[in-house]
1. So, Ala110, is that one at pLDDT 95 or above and surrounded by 15 or more Cβ atoms within 10 Å (Cβ to Cβ) or not?
2. Please determine, by comparing only the residues of the stretch 208-220 that are farther than 18 Å from Val81 by Cα and in contact with a Pro (Cβ under 9 Å, 6 or more places away or on another chain), which one is least open to solvent (accessible area, probe 1.4 Å).
3. For a quick check of your reading: which strands (runs of 3 or more DSSP E) sit entirely within the stretch 136-207 and have at least 2 residues that are in contact with a Pro (Cβ under 9 Å, 6 or more places away or on another chain) and within 25 Å of Asn66 (Cα to Cα)?
4. Please find, within the stretch 124-143, the residue that is nearest to Asn54 (Cα to Cα) out of those that are open to solvent by less than 50 Å² (accessible area, probe 1.4 Å) and within 21 Å of the chain's Cα centre (by Cα).
5. Exactly one condition in (1) exposed (fewer than 15 other Cβ atoms within 10 Å of the Cβ); (2) part of a loop (DSSP other than H, G, I, E, B) is not met by Asn87; state its number.
6. With respect to Ile18, determine if the residue is more than 24 Å from Val149 (Cβ to Cβ), in contact with a helix residue (DSSP H, G or I) (Cβ under 8 Å, 6 or more places away or on another chain) and among the aliphatic types (A, V, I, L, M).
7. Condition check: farther than 22 Å from Asn99 by Cα, modelled with pLDDT under 95, more than 15 Å from the chain's Cα centre (by Cα) and not aromatic (Phe, Trp, Tyr). Does Gly146 satisfy that?
8. Of the residues in the stretch 73-84, how many are closer than 18 Å to Gln160 by Cβ and open to solvent by less than 40 Å² (accessible area, probe 1.4 Å)?
Amino acid sequence: MKHIVVLTGAGISAESGIKTFRDANGLWEGHDVMEVASPEGFRANPELVLDFYNQRRRQLLSVKPNQAHIDLAELEKSFKVSIITQNVDDLHERSGSTNVIHLHGELLKARSTKNINDVFECKTDIVLGDLCQNGHQIRPHIVWFGEDVPMIEKAMEVCQTADILIIIGTSMQVYPAAGLMHYAPDGIPVYFIDPKPSIDSNKNLTVISENATTGVKKVIDHYLV
């Protein structure tokens with residue numbers, strides 16, 4: 001059974017109604033990203049940061065996976081499929097994908113501010129005074145700017161075993177995630193799906209300038225069947 005590795009970014013979740021990470025002027029929902037996505041921002045104004053993610057979490061619980069998520073899950077009937085996502089939502093899992101690596105954390109989980117390994121499910125708001133079992137404030141289980149990306153090494157190992165690589169809805173400009181495609185074996189088919197692609201087709205790379213829902217279907221119908 002061939003192994004398909006899929007790298008996904010904000011573009012695949014945008015069609016479910018989840019806003020992309022930040023707009024052209026670097027703001028995220030009107031905030032400088034460093035205010036709401038860095039340890040320094042959390043220390044400076046923890047209430048702002050917690051409220052920001054509370055709003056994101058509520059929004060996530062109100063949306064559903066789109067056809068691209070569903071089609072990727074369906075691929076597991078014919079292929080071994082590993083999904084490596086930069087997204088913090090659970091839409092891949094909700095659509096039925098069983099092997100998902102979250103590079104940047106998970107919005108529906110929380111963790112202790114003192115122990116990075118003390119992680120647990122969390123589908124409700126987090127406020128100041130919410131403590132872990134050892135009495136420390138809890139925070140969203142999100143990888144902020146300046147923090148280590150603990151799943152990156154596992155993601156590299158998975159990419160090295162790919163027979164086919166599909167990249168969806170990500171500019172591949174933000175490291176370390178952007179470097180993952182270079183760990184895939186030389187010569188394997190690579191499909192890049194994005195309405196505004198940042199790279200061009202070449203011998204082994206096929207660029208599909210479409211949104212995730214139509215682009216994934218095109219890859220499946222024209223290249224995988």
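The values are calculated or read from the model by the stated rules, or taken from the named source; none is laboratory data. Keep in mind that this is a model prediction, so the values were computed, not measured. So basically every Cβ, Gly included, is an ideal-geometry build from the backbone, and we count neighbours across all protein chains shown. Just the protein is used for accessible areas: all its heavy atoms, side chains included, with ligands, DNA and RNA removed. Shrake-Rupley method; radii C 1.70, N 1.55, O 1.52, S 1.80 Å.
1. Details: at pLDDT 95 or above: yes; surrounded by 15 or more Cβ atoms within 10 Å (Cβ to Cβ): yes.
Considered against the rule, which asks whether it is at pLDDT 95 or above and surrounded by 15 or more Cβ atoms within 10 Å (Cβ to Cβ), Ala110 comes out as yes.
2. Quick first cut of the stretch 208-220, residues farther than 18 Å from Val81 by Cα only: 208-211, 214.
So of that shortlist, the ones also in contact with a Pro (Cβ under 9 Å, 6 or more places away or on another chain) come out as 208-211.
Working: Ile208: 10, Ser209: 73, Glu210: 47, Asn211: 77 Å².
My answer is Ile208.
3. On the way: elements: 138-142, 164-168, 190-193.
Where strands (runs of 3 or more DSSP E) fall fully within the stretch 136-207 and carry at least 2 residues being in contact with a Pro (Cβ under 9 Å, 6 or more places away or on another chain) and within 25 Å of Asn66 (Cα to Cα), they are 164-168.
4. Filtering the stretch 124-143 for residues that are open to solvent by less than 50 Å² (accessible area, probe 1.4 Å) and within 21 Å of the chain's Cα centre (by Cα), the one nearest to Asn54 (Cα to Cα) comes out as Pro140.
5. The number of the failed condition is (1).
6. Working: more than 24 Å from Val149 (Cβ to Cβ): no; in contact with a helix residue (DSSP H, G or I) (Cβ under 8 Å, 6 or more places away or on another chain): yes; among the aliphatic types (A, V, I, L, M): yes.
Criteria not met by Ile18.
7. Values: farther than 22 Å from Asn99 by Cα: yes; modelled with pLDDT under 95: yes; more than 15 Å from the chain's Cα centre (by Cα): yes; not aromatic (Phe, Trp, Tyr): yes.
Yes; evaluated as a whole, the condition is true for this residue.
8. The first filter runs over the stretch 73-84 and keeps only residues closer than 18 Å to Gln160 by Cβ, leaving 79-84.
Right, trim to open to solvent by less than 40 Å² (accessible area, probe 1.4 Å) and you get 79, 81-84.
The qualifying residues number 5.
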